[in-house]
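> Dropping the structure in here first, questions after.
The values are calculated or read from the model by the stated rules, or taken from the named source; none is laboratory data. Because the structure is predicted, anything quoted here is derived from the model rather than measured. A quick note on method: Cβ atoms are made from the backbone with ideal geometry, for glycine too, and the neighbour counts reach across all protein chains shown.
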Amino acid sequence: MTYRLKIGAGRDLPVILQAEECECGLASIAMVAFYHGNRFRLGDLRQRFPVSRRGASLASLIKIGNALKLDCRPLRLELENLKELSLPCIVHWDLNHFVVLKAIGQKRITIHDPATGVRSLGWKEFGKHFTGIALEMLPSDDFTKQDVRTPFSVRRLIGRISGLKRYIAQVLSLALGLEIVAVATPFYLQWLVDEALAAGDRDLVTILGTGFCLLVCLQAAIGAMRSWLVAVLSAQLNFQWLGRVFGHLLRLPTEYFEKRQVGGVLASFASINVIQETLTVAFAQAIVDGGLIIGTGFVMFAYNSLLSAAACASVALYAILRFVVFAKLRNAAAEEISFQARQSTHFLESLQGIQAIRLFGRGDERKITWMNLLADKFNAHLRVQKVQITQQATNVLLFGIERVIVIWLAGLLVLRNELTIGMLIAFLSYREQFSSRMAALVDKIFEFRMLGLHAERVAEVVDAAPEAHGPEHEAELLTKPDYIELRDISYAYSPHEDNVLDSVNLRIEAGECVAITGPSGSGKTTLVKILLGLLEPSSGEVRIGGRPLHQVGLQTFRRTVGTVMQDDMLFTGSLADNISFFDPTAEHAWIEECARQAAIHDEIMSMPMRYETLIGTIGVGLSGGQRQRILLARALYKRPQILVLDEATSHLDLDNERCVNHVVRTLRLTRIIIAHRAETIEAADRAIVVRNGRIQARGEGAKSKVSGDQPSCLASS
């Protein structure tokens with residue numbers, strides 16, 4: 001997200017907050033490039049220069065800067081030499097972060113932190129974080145200013161909402177009715193004073209009272225109908241929009257989630273609620289206010305132009321004051337959202353890791369960290385409240401003074417016989433409506449401007465490219481098992497880093513059992529994720545039966561694959577639900593058979609509720625070995641043609657591991673197993689050793705070393 005602060009020489013230095021945990025360097029470059037005239041959205045830069053989960057090095061930032069036609073000069077300097085830097089520049093922070101150095105004063109130094117926003121630090125505090133590394137970025141000779149940012153479209157963010165036009169038309173019709181009633185109401189006072197009371201006409205007083213009572217009843221009915229329609233519209237918009245965005249979120253590639261904190265994703269969904277409320281409630285009210293302002297404005301000028309001009313002047317002054325403080329309000333609101341996301345992430349992580357926190361005795365430290373994040377969030381919230389309270393006080397003061405002036409001038413006009421007392425009372429009623437509605441409309445205009453802040457967060461989800469699933473009509477191509485081939489596969493987390501996998505070639509025949517082993521961090525899991533289509537290789541291709549994976553289609557291919565990955569999890573529900581993965585047409589007999597094959601059936605049957613036993617989000621109440629076997633049963637439930645196991649037996653005792661290995665060995669499937677244990681490796685047809693991103697050894701399995709007798713646990717089942 002981006003919001004701008006004015007700096008000298010008429011140029012802007014924006015604050016661009018990072019959306020991904022590892023893109024502080026990219027966000028810092030975006031700020032400096034924006035200052036010099038190259039204006040990009042962070043999402044556009046992210047697509048051009050993807051950053052790995054490990055972040056960007058100084059060398060990577062220099063390459064990106066050069067690609068943007070910025071001359072880069074890395075410097076190592078002491079704190080006292082800071083004033084020699086060309087500002088703004090990027091500085092290395094806390095050994096793991098980059099920030100933009102904006103201004104250097106005698107006592108304070110101002111930075112733009114991609115993680116938290118604008119910060120003003122004393123020299124001593126700055127020195128505690130500054131590592132002594134800075135990167136100057138200045139326009140090169142062939143640098144050209146450009147603004148390639150695409151404006152946000154509400155239609156693009158929301159998409160198509162069923163019945164939206166009909167609801168809007170109904171709301172506008174009712175709003176028009178409210179405007180007519182509101183404009184007519186003040187005439188009651190004028191006619192009552194100038195006509196009925198002046199003439200002493202009791203019948204006219206009764207007629208006016210009765211008529212306007214009916215008008216008030218009509219106004220209440222129309223208002224209730226409008227409020228109900230707005231409520232229905234809000235529910236429709238929220239339901240369809242949230243469903244669409246959540247569906248899109250589930251189609252995003254795995255890398256999207258690996259680079260983000262869960263709190264940031266939650267903040268994006270919270271922004272949807274803010275946008276929805278503004279577009280429905282605030283927009284509908286703005287339509288009513290706008291129409292009423294036009295109607296009352298014409299009537300007021302028909303009464304007296306001087307008094308009307310005074311009312312308009314106060315509104316104009318209020319709008320100017322709102323404009324002046326808008327940047328500060330948006331700044332604080334953006335920081336509040338950022339701190340809320342970080343605090344939510346910390347909270348959820350603490351719940352998920354409660355056992356480790358207890359065992360390591362780190363509850364106090366987690367609480368202190370969470371309280372600090374909470375304090376940051378509330379401090380930002382207080383800054384928002386401070387600006388809003390200032391606005392409210394200004395509103396009361398400004399329009400209070402304006403009311404006194406208008407009454408004073410109107411009193412003089414009555415004394416000159418230019419206004420009657422009835423006209424005075426009616427005008428003051430119109431003025432009250434005009435000023436309050438105009439102030440509310442100004443507030444809503446700035447609310448709409450504030451939507452850009454939330455729209456950018458929603459766009460982080462909506463604009464992210466989903467997985468390319470490919471064709472869905474070719475499922476018949478995979479009705480029989482076929483070989484899998486990896487051709488010249490290379491992979492790097494970003495173009496500026498070394499390859500994790502380098503020119504890997506591998507062919508796995510249908511029905512073959514292949515064990516992949518090697519040191520931790522050698523690229524085994526990355527290799528399997530590429531095979532499954534979870535990661536896109538930097539070069540090379542995956543082929544299924546001689547056809548590229550993208551032609552077969554990811555969805556089509558994955559229907560034939562059962563997997564147990566290292567970080568797989570169970571979901572809140574029963575054991576049966578988790579084994580069938582919440583299949584609405586689950587076959588209980590097949591659930592039990594899969595549990596038997598995974599050597600977990602007997603243990604489930606010993607539980608009081610058996611297959612209806614409820615478990616928590618991450619399998620709370622189950623041992624690590626039980627979780628792994630339930631995950632294996634879940635993989636087998638798919639009746640897969642290919643079974644991929646990534647350290648799927650690492651938590652099992654030797655007897656249960658023998659059971660699982662025996663079952664896997666007897667399955668007539670293509671099996672790909674990542675393992676370190678000799679027992680599992682020996683059960684394979686052949687073993688492949690991955691080291692330093694390459695396949696360095698291939699060998700036959702050692703099935704002869706594994707007893708062919710059925711393990712006791714399976715015999716008992």
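Conditions (1) in a loop (DSSP other than H, G, I, E, B); (2) exposed (fewer than 14 other Cβ atoms within 10 Å of the Cβ); (3) modelled with pLDDT of 70 or more, marked per residue:
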residue: LEU121; (1), (2), (3): no, no, yes
residue: PHE143; (1), (2), (3): yes, no, yes
residue: PHE152; (1), (2), (3): yes, no, no
residue: ILE161; (1), (2), (3): yes, no, no
residue: GLU179; (1), (2), (3): no, no, no
residue: VAL216; (1), (2), (3): no, yes, yes
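> Does LEU527 satisfy being among the aliphatic types (A, V, I, L, M), touching a residue at least 24 places away in the same chain (Cβ under 8 Å) and part of a loop (DSSP other than H, G, I, E, B)? Break it down stepwise before answering.
Working: among the aliphatic types (A, V, I, L, M): yes; touching a residue at least 24 places away in the same chain (Cβ under 8 Å): yes; part of a loop (DSSP other than H, G, I, E, B): no.
Criteria not met by LEU527.
> Given the criteria over 29 Å from ILE407 (Cα atoms) and surrounded by 22 or more Cβ atoms within 10 Å (Cβ to Cβ), does ALA327 qualify?
Values: over 29 Å from ILE407 (Cα atoms): yes; surrounded by 22 or more Cβ atoms within 10 Å (Cβ to Cβ): no.
Here the answer is no, as ALA327 does not meet what is asked.
> Quick one: in the stretch 285-317, of everything that is among the aromatic types (Phe, Trp, Tyr) and free of Cβ contacts under 8 Å to residues at least 24 places away in the same chain, which residue is farthest from GLU402 (Cα to Cα)?
PHE298
> Another one. Look through ILE421, ILE445 and report the one residue that is assigned by TED's automatic domain parsing to the domain that holds ALA310, out of contact with any His (no Cβ under 9 Å at 6 or more places or on another chain) and farther than 22 Å from THR394 by Cα.
The conditions single out ILE421.
> Another question, then. Restricting to the stretch 359-384, and then to whatever is among the β-branched types (Val, Ile, Thr) and in contact with a helix residue (DSSP H, G or I) (Cβ under 8 Å, 6 or more places away or on another chain), can you tell me which residue is surrounded by the most Cβ atoms within 10 Å (Cβ to Cβ)?
Filtering first and then ranking leaves VAL384.
> Looking for something among the polar types (S, T, N, Q), in the same structural domain as ALA510 (by TED's automatic domain parsing), over 20 Å from PRO608 (Cα atoms) and in contact with a Leu (Cβ under 8 Å, 6 or more places away or on another chain) - is there at least one such residue anywhere in the stretch 547-556? Steps first, answer last, please.
First pass over the stretch 547-556, keeping only residues among the polar types (S, T, N, Q): 551, 555-556.
After this cut, where a residue has to be in the same structural domain as ALA510 (by TED's automatic domain parsing) as well, the list is 551, 555-556.
Pick out the ones that are also over 20 Å from PRO608 (Cα atoms) and you get 551, 555-556.
Of the ones still in play, those that are also in contact with a Leu (Cβ under 8 Å, 6 or more places away or on another chain) are 556.
Within the stretch 547-556, one or more residues are among the polar types (S, T, N, Q), in the same structural domain as ALA510 (by TED's automatic domain parsing), over 20 Å from PRO608 (Cα atoms) and in contact with a Leu (Cβ under 8 Å, 6 or more places away or on another chain).
> Could you check the stretch 17-63 and list, in sequence order, the residues that are among the aromatic types (Phe, Trp, Tyr) and under 13 Å from TYR493 (Cβ atoms)? Before you say what the answer is, go through the steps one by one.
Residues of the stretch 17-63 that are among the aromatic types (Phe, Trp, Tyr), as a first pass: 34-35, 40, 49.
Hit for the stretch 17-63 is PHE49, nothing else.
> Does LEU101 count as at pLDDT 85 or above and either touching a Ser or Thr at 6+ places or on another chain (Cβ under 9 Å) or at negative phi (or both)?
Yes: the conditions hold for LEU101.
> Report, by residue number, each residue of the stretch 414-462 that is surrounded by fewer than 18 Cβ atoms within 10 Å (Cβ to Cβ), outside any helix (DSSP H, G or I) and touching a residue at least 60 places away in the same chain (Cβ under 8 Å).
GLU418, THR420
> Among the residues of the stretch 53-67, is any out of contact with any Lys or Arg (no Cβ under 6 Å at 6 or more places or on another chain), basic (Lys, Arg), at positive phi and touching a residue at least 24 places away in the same chain (Cβ under 8 Å)?
Checking the stretch 53-67: not a single residue is out of contact with any Lys or Arg (no Cβ under 6 Å at 6 or more places or on another chain), basic (Lys, Arg), at positive phi and touching a residue at least 24 places away in the same chain (Cβ under 8 Å).
> Since LEU374 meets every condition but one in (1) over 30 Å from ILE16 (Cβ atoms); (2) within 23 Å of the chain's Cα centre (by Cα), which condition does it not meet?
(1)
The rows are residues; the columns are (1) touching a residue at least 24 places away in the same chain (Cβ under 8 Å); (2) assigned to a loop (DSSP other than H, G, I, E, B); (3) surrounded by 22 or more Cβ atoms within 10 Å (Cβ to Cβ).
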{"residue": "GLN551", "(1), (2), (3)": "yes, no, no"}
{"residue": "PHE571", "(1), (2), (3)": "yes, yes, no"}
{"residue": "ASN578", "(1), (2), (3)": "yes, no, yes"}
{"residue": "PHE581", "(1), (2), (3)": "yes, yes, no"}
{"residue": "ARG596", "(1), (2), (3)": "yes, no, no"}
{"residue": "LEU622", "(1), (2), (3)": "yes, yes, no"}
{"residue": "ALA633", "(1), (2), (3)": "yes, no, yes"}
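> Quick one: in the stretch 109-134, of everything that is touching a residue at least 24 places away in the same chain (Cβ under 8 Å) and β-branched (Val, Ile, Thr), which residue is nearest to ILE62 (Cα to Cα)?
ILE133
> Within the stretch 598-620, how many residues are under 27 Å from ARG665 (Cβ atoms), touching a residue at least 12 places away in the same chain (Cβ under 8 Å) and part of a loop (DSSP other than H, G, I, E, B)?
Taking the stretch 598-620 first, the residues under 27 Å from ARG665 (Cβ atoms) are 598-606, 611, 619.
Still in the list and also touching a residue at least 12 places away in the same chain (Cβ under 8 Å): 598-604, 611, 619.
Then keep just the ones that are part of a loop (DSSP other than H, G, I, E, B); that gives 598-600, 619.
Going through the stretch 598-620 one residue at a time, the tally reaches 4.
> Another one. Quick one: which residue in ALA310, ALA302 is farther than 16 Å from ASP443 by Cα and surrounded by 16 or more Cβ atoms within 10 Å (Cβ to Cβ)?
ALA310
> Follow-up. With the requirement that a residue be hydroxyl-bearing (Ser, Thr, Tyr) and within 30 Å of ASN417 (Cα to Cα), what does the stretch 300-339 give you? Show your work before the answer.
Step one: filter the stretch 300-339 for residues hydroxyl-bearing (Ser, Thr, Tyr), giving 303, 305, 308, 314, 318, 338.
Hits for the stretch 300-339 are TYR303, SER305, SER308, SER314.
> Right, here's the next one. If I go through the stretch 229-248 residue by residue, how many of them are without any contact (Cβ under 8 Å) to a residue 24 or more places away in the chain, over 12 Å from PHE269 (Cα atoms) and not hydrophobic (A, V, I, L, M, F, W, C)?
1
> Could you please give the count of residues in the stretch 636-686 that are crowded, with 23+ Cβ neighbours inside 10 Å and of a type in the set (Gly, Ala, Ser)?
Selection size over the stretch 636-686: 4.
> In addition: Give the residues of the stretch 123-141 that are of a type in the set (Gly, Ala, Ser), assigned to a strand (DSSP E or B) and surrounded by 15 or more Cβ atoms within 10 Å (Cβ to Cβ), sorted by residue number.
Step one: of the stretch 123-141, the residues of a type in the set (Gly, Ala, Ser) are 127, 132, 134, 140.
With the extra rule that they be assigned to a strand (DSSP E or B), the set shrinks to 132, 134.
Answer for the stretch 123-141, where residues must be of a type in the set (Gly, Ala, Ser), assigned to a strand (DSSP E or B) and surrounded by 15 or more Cβ atoms within 10 Å (Cβ to Cβ): just ALA134.
> While we're here: Filter the stretch 405-421 down to the residues that are under 20 Å from SER435 (Cα atoms) and among the β-branched types (Val, Ile, Thr) and list them by number.
ILE405, VAL406, ILE407
> Being out of contact with any Lys or Arg (no Cβ under 7 Å at 6 or more places or on another chain) and at pLDDT 85 or above is true for just one of ASP602, ASP653. Which residue is that? Steps first, answer last, please.
Working: ASP653 fails: at pLDDT 85 or above.
After applying the criteria, what remains is ASP602.
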